[in-house]
Amino acid sequence: MHKISQQTAQAAEKHALASQEHGKSIEEVGKALQEGEHPDIELGKRIEAQGKSIQKQAQENHLKAEKIPEEGYSTEAYLEYLQGQMDAIQTHVEAVKAYQEALAARLHKSNNSQKPGEN
């Protein structure tokens with residue numbers, strides 16, 4: 001059985017906690033999109049849910065990372081943690097794409113609503 005270092009296991013735990021904080025930030029972006037002068041309720045709810053999902057995935061990953069030392073620093077335990085991280089990253093990518101698409105649509109709408117000759 002292959003093993004990973006104690007430093008790698010500690011880094012996994014720290015990264016999982018950082019991912020949780022990142023998920024909270026994404027959730028806040030979703031909430032902010034639902035408020036303000038030009039709210040986008042649907043997009044905001046979608047991104048808020050993705051932020052919550054990232055937090056849940058990160059919490060599960062933290063538990064997986066904590067088990068790495070318990071399982072003798074095995075690469076199998078580490079790979080299980082990494083799979084969870086990849087799932088959280090995929091959710092993050094989906095949230096960013098949704099935000100970019102909505103932003104592009106707003107810009108397109110804004111550009112098309114200008115009268116000819118206006119800047």
Item to check | Among the candidates Tyr81, Tyr99, residue that is within 23 Å of Gln34 (Cα to Cα), part of a helix (DSSP H, G or I) and touching a residue at least 24 places away in the same chain (Cβ under 8 Å) | outcome: Tyr99
Next on the checklist: Quick check on region 83-95. Is at least one of its residues over 30 Å from Ser5 (Cβ atoms), open to solvent by less than 90 Å² (accessible area, probe 1.4 Å) and within 15 Å of the chain's Cα centre (by Cα)?
Outcome noted: yes
Item to check | Residue identified as of a type in the set (Lys, Arg), in a helix (DSSP H, G or I) and closer than 18 Å to Glu21 by Cα among Lys31, Lys45 | outcome: Lys31
Checklist outcome for this item: Being open to solvent by 50 Å² or more (accessible area, probe 1.4 Å) and either of a type outside the set (Val, Ile, Thr) or modelled with pLDDT under 95 (or both) narrows Ser53, Ser19, Ser25 down to just Ser25
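The values are calculated or read from the model by the stated rules, or taken from the named source; none is laboratory data. Remember, it's a predicted structure, so these values are computed and weren't measured experimentally. Every residue, glycine among them, receives a Cβ derived from its backbone with ideal geometry; neighbour counts consider all protein chains shown. The protein model used for the area step is the full one, side chains on, heavy atoms only, and it has no ligands, DNA or RNA in it. Shrake-Rupley method; radii C 1.70, N 1.55, O 1.52, S 1.80 Å.
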